[in-house]
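To keep things clear, I will list the structure first and then write my remarks on it.
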Ligand code: DGL
């Protein structure tokens, strides 16, 4: 049993295993710049993509509790792997015991909700981590909402390590990006829409655009997660009142602050202050 948390308003927490959630935070801040945010990247333990269900759940739970300790009433898991493997247990088992008023939301449902509107051929491709693909979460969510849409998933286990190691622009990335794209299009040549079902992948966008044939739509998630959050806050005034609105962002990492700052600069094109924190 945990401590009782304060009900004071606080920032919105955005969590990812590493840098990927920055693509979600970016989308959210473009649409909802007025709120305060805390970004937490568990870079020291990234990638999560090939870790077991239990490990991803334990790591994600620690991060959510840390963000609650830091005053967040609402936390977005800006990570598909955590959304696939930890979200439901946190929502159903942990939150009622920790604080039934706090909320944790993920990124899979908002993507599934719009996907049926984006495809004409009704054949969707999912590029994601091994954990997300094997969890079958996308297929289940999409088929609940769009039963006529077929989903082909391909895991790209090396894409996140390439990004976390600042090699997204390097020539090595070309080989691995092309290989997975060719593979998914061979699996289902009728795919007309490709979900980037890992929040890290938009960082590889220049390479992805190079190898995806024209006419195939690439769907990063930031914009859709942001739309979904906006609509959630409009429908839940009680939660909106618990989110402070000062337009600030605090960046936190479990890795070294300088390393995070230098890498994040590549993605954010901005100088930021970074704090180190421990989750264990
Ligand atoms: N960015 C994460 C996702 O959306 C996790 C990547 C990883 O840590 O493997 O799945």
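Name the residue, out of 5, 39, 35, 48, that is under 17 Å from the mean Cα position of the chain (by Cα) and either more than 16 Å from the ligand (Cβ to nearest atom) or in a loop (DSSP other than H, G, I, E, B) (or both). First the steps, then the outcome.
Working: 5 fails: under 17 Å from the mean Cα position of the chain (by Cα); 39 fails: either more than 16 Å from the ligand (Cβ to nearest atom) or in a loop (DSSP other than H, G, I, E, B) (or both); 35 fails: under 17 Å from the mean Cα position of the chain (by Cα).
Only one candidate passes the filter, namely 48.
For the range 8-25, how many residues meet the condition of being more than 13 Å from the ligand (Cβ to nearest atom) and crowded, with 20+ Cβ neighbours inside 10 Å? If you could, list the steps in order and put the result at the bottom.
Let us first name the residues in the range 8-25 that are more than 13 Å from the ligand (Cβ to nearest atom), namely 8-13.
Imposing the further condition that a residue be crowded, with 20+ Cβ neighbours inside 10 Å reduces the set to 10-13.
Going through the range 8-25 one residue at a time, the tally reaches 4.
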Residues being in contact with a helix residue (DSSP H, G or I) (Cβ under 8 Å, 6 or more places away or on another chain) and farther than 19 Å from residue 46 by Cα - total across the range 236-258: 4
Scope the range 60-73; condition surrounded by fewer than 24 Cβ atoms within 10 Å (Cβ to Cβ) and outside any loop (DSSP other than H, G, I, E, B); matching residues: 61, 62, 65, 66, 68, 69
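Could you grab me the full set of residues in the range 9-32 that are over 13 Å from the mean Cα position of the chain (by Cα) and in a strand (DSSP E or B)?
Of the residues in the range 9-32, the ones over 13 Å from the mean Cα position of the chain (by Cα) are 9-12, 29-32.
Answer for the range 9-32, where residues must be over 13 Å from the mean Cα position of the chain (by Cα) and in a strand (DSSP E or B): 10, 12.
Of everything in the range 259-280 that's in a helix (DSSP H, G or I) and in contact with a helix residue (DSSP H, G or I) (Cβ under 9 Å, 6 or more places away or on another chain), which residue is farthest from residue 23 (Cα to Cα)?
Taking the range 259-280 first, the residues in a helix (DSSP H, G or I) are 259-268.
Now restrict to residues that are in contact with a helix residue (DSSP H, G or I) (Cβ under 9 Å, 6 or more places away or on another chain): 259-260, 263-264, 266-268.
Details: 259: 18, 260: 15, 263: 13, 264: 11, 266: 12, 267: 8, 268: 9 Å.
Among residues in the range 259-280 that are in a helix (DSSP H, G or I) and in contact with a helix residue (DSSP H, G or I) (Cβ under 9 Å, 6 or more places away or on another chain), the one farthest from residue 23 (Cα to Cα) is 259.
Just give me the residues in the range 245-258 being within 11 Å of residue 19 (Cβ to Cβ) and part of a loop (DSSP other than H, G, I, E, B), in sequence order. Steps first, answer last, please.
So in the range 245-258, the residues within 11 Å of residue 19 (Cβ to Cβ) come out as 251, 253, 255.
Matches in the range 245-258: 255 only.
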Scan of the range 133-153 for residues that are touching a strand residue (DSSP E or B) at 6+ places or on another chain (Cβ under 8 Å) and surrounded by 22 or more Cβ atoms within 10 Å (Cβ to Cβ), ordered by number: 133, 138, 142, 151, 153
Selected residue [out of contact with any strand residue (DSSP E or B) (no Cβ under 6 Å at 6 or more places or on another chain), under 26 Å from residue 122 (Cβ atoms), crowded, with 19+ Cβ neighbours inside 10 Å and at pLDDT 95 or above] from 194, 185, 209: 185
Pairs, first at negative phi and more than 15 Å from the ligand (Cβ to nearest atom) in the range 162-189, second in a loop (DSSP other than H, G, I, E, B) and modelled with pLDDT of 95 or more, C-beta under 6 Å, six or more apart: 181/212
Test for residue 199: is it within 16 Å of the ligand (Cβ to nearest atom) and either touching a residue at least 24 places away in the same chain (Cβ under 8 Å) or out of contact with any helix residue (DSSP H, G or I) (no Cβ under 6 Å at 6 or more places or on another chain) (or both): yes
Scan of the range 83-106 for residues that are outside any helix (DSSP H, G or I) and more than 13 Å from the chain's Cα centre (by Cα), ordered by number: 99, 100, 101, 102, 103
Residue in the range 59-75 that is farther than 19 Å from residue 261 by Cα, within 11 Å of the ligand (Cβ to nearest atom) and in contact (Cβ under 8 Å) with a residue 12 or more places away in the chain present: yes
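The values are calculated or read from the model by the stated rules, or taken from the named source; none is laboratory data. This one's a predicted model, so the numbers in the text were calculated from it and none came from an experiment. Neighbour counts are summed over all protein chains in view; Cβ atoms, including those assigned to glycine, are modelled from backbone coordinates with ideal geometry.
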